[in-house]
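The values are calculated or read from the model by the stated rules, or taken from the named source; none is laboratory data. As the structure is a prediction and not an experimental result, all values here were calculated from the model. No Cβ is skipped: glycine too gets one built from the backbone with ideal geometry, and neighbour counts run over all protein chains shown. The area values use the complete protein model at the heavy-atom level, side chains included, leaving out ligands, DNA and RNA. Shrake-Rupley method; radii C 1.70, N 1.55, O 1.52, S 1.80 Å.
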Amino acid sequence: MSQETDPLTWARDYCPILRSFQDEYGDEEPLAGHTVAVATHLEAKSGILIETLHEAGADVLFAPSEPQSTHGDVVEALDAIDGVTAFAWEGMSDEEFDAQQHELLENEPDFILDDGCELISKAHADHPDVAANVIGGGEQTTAGITRVEAMEEEGVLEFPVYTVNDTPMKHFFDNVHGTGESALTNIAITSNTIISGKDVVVAGYGYCGRGIARKARGMGAQTIVTEVDPRKALEAHMDGHRVMSMAEAAEVGDLFITTTGNRDVIREEHFEAMADGVQLANAGHFDVEIDVDALESLASDTSTPKEGVTRYHLPDGRDINLLADGRLVNLTGPYSQGHPAEVIDTTHSMMFVAAYDLIVENRDLTPGAYAIPDRLDREVAERKLETLDVSIDEMIESQREYATDWRHEGSSF
């Protein structure tokens, strides 16, 4: 007879860095006496982060950062742990999602680990007494850091926030490989169509965009990149992608994937230029990159030819297919499971060390957005290499001296 499986079991197997922190801090519990709020996509890998924070002694309050990416079995398993409290359930509406985040904040957490700056922004806007007493926070997304930095620029940020997304262990691995693989995997699964041979348009050539474009080309796609930054556009060109404006790309693309962190990237004039049967997907945090309202206003009718796909029938006979309602395709589609666990293990480990450092080691930081210390990034990288049984070199004494001596004595020139 088979045993009932813990919904975190499989993810736990592929999160060895987080498990190493559980082993190290499970006895001493350095986060004891603190309440950590977590807003993130509530699926199994996120459950291992919440489990790790709790093993290190923290009481944990958690809510979604996106209502449609919540897995009910994961929420129930975590909520059953003494000292862990859920403000989420599968199938919650946007209104319930918003209300639960506010209810979490009313429980007065003293540290916030965020995704999209959901809790940090709400704490400042609607719960100022809570924000005034928060020790610090961590933000793991590009879109969220943009909001944190805007709060800092405006002079309203009440506590220090580590910008975890900007660390190499986040953007080189999670953004490039995690988003790159999971977005394309979930597009292929949702649509059950091939990527090879298609003209794939990637909007935005940040770390997420370059990961998607690189991996799409590796799958046989003919890749097109759109950009607003001339340097990133030039980088995409030098990496071998065709670079166009979205107006030009709209006329030739088969599959469009947005990953800019901004709104109205694909809008009415682009829909009007697209071919019959194109597919649209969003891999950015918020569901504003594709102007769905404009698409609805253009359409004479809609249908659902396949779960996870909304087909917009235009009066001229063309159909445009939108995946996952324009929300994060790698997390909110009917078959979506987010990034691979091995990649999220590094990201969530960076979030854990951000909490540990600001709570235990760096209590004197003033309010502001801070790059996470390089020593923490290297620590997580070293732990990852240990789990892979990969060895690297160490500099010998003469190399260390050479690296710090600007005179370079003994050189031949």
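Here's how it looks for Thr40: its modeled amide H is under 5 Å from those of Ala63, Ser65, which are all 5 or more places away or on a different chain. The candidate values were (i) 135, 56, 37; (ii) 66, 66, 58; (iii) 76, 53, 33; the one computed from these coordinates for Cα extents along the principal axes in Å carries the label (ii). When the solvent-accessible area of region 290-413 is split by element, carbon and sulfur atoms take up 47 percent of it, the probe being 1.4 Å.
Using only side-chain charges placed at the Cβ, +1 for Lys and Arg and -1 for Asp and Glu, the dipole size of the chain relative to its Cα centre rounds to 1660 debye.
Using 1/(1 + (r/R0)^6) with R0 = 35 angstrom and r between the beta carbons of Ser303 and His102, what's the FRET efficiency to the nearest 0.05? Could you put the intermediate results ahead of the total?
Working: r = 36 Å, r/R0 = 1.03.
For Ser303 and His102, the calculated efficiency is 0.45.
Note on exposure: Ser46, Ser398 ranked by accessible area (1.4 Å probe, complete protein assembly) read Ser398, Ser46, with the most exposed listed first. In the complete set of protein chains, residue-level accessible area for Asp129 is approximately 120 Å², probe 1.4 angstrom.
Could you check what % of the DSSP bridge pairs in the chain are antiparallel, to the nearest 5? Numbers along the way, then the final one.
Values: 9 of 51 bridges.
If I count the DSSP bridges inside the chain, around 20 percent turn out antiparallel.
Mind checking the full-extension length gain between Ala150 and Asp27? Use 0.36 nm per residue of separation minus the Cα-Cα distance, one decimal, nm.
On the way: separation 123, 0.36 × 123 = 44.28 nm, distance 3.93 nm.
Taking 0.36 nm per residue and subtracting the Cα distance, the gain is 40.3 nm.
Solvent-accessible area per residue in the chain equals 46 Å², computed with a 1.4 angstrom probe and all protein chains kept. In this structure, the amide hydrogen of Phe111, modeled 1.01 Å from its nitrogen in the peptide plane, lies closer than 5 angstrom to those of Thr35, Ala37, Ile135, counting only residues at least 5 positions away or on a different chain.
Given the pairs Lys45/Lys170; Lys170/Lys215; Lys170/Lys232; Lys215/Lys384; Lys232/Lys384, which are separated by over 21 angstrom at their Cα positions?
Numbers: Lys45/Lys170 15 Å; Lys170/Lys215 18 Å; Lys170/Lys232 19 Å; Lys215/Lys384 23 Å; Lys232/Lys384 30 Å.
Violating the 21 Å limit, Cα to Cα: Lys215/Lys384; Lys232/Lys384.
Region 11-42 and region 164-201 have their alpha-carbon centroids 27 Å apart. A cut-off under 12 angstrom between Cβ atoms defines the neighbours of Phe352, and their net charge, with Lys, Arg +1 and Asp, Glu -1, is -4. Simple point charges give the picture: +1 on the Cβ of Lys and Arg, -1 on the Cβ of Asp and Glu, and for region 106-218 a dipole about the Cα centre of about 1160 debye.
Per atom type, region 159-267 shows carbon and sulfur on 53% of its accessible surface, probed at 1.4 Å. Inter-part distance, region 269-315 to region 132-162, computed on C-alpha centroids, equals 33 Å. Take 285-294, 372-381 and order them by the average number of nearby Cβ atoms within 10 Å per residue, most first; the result is 285-294, 372-381.
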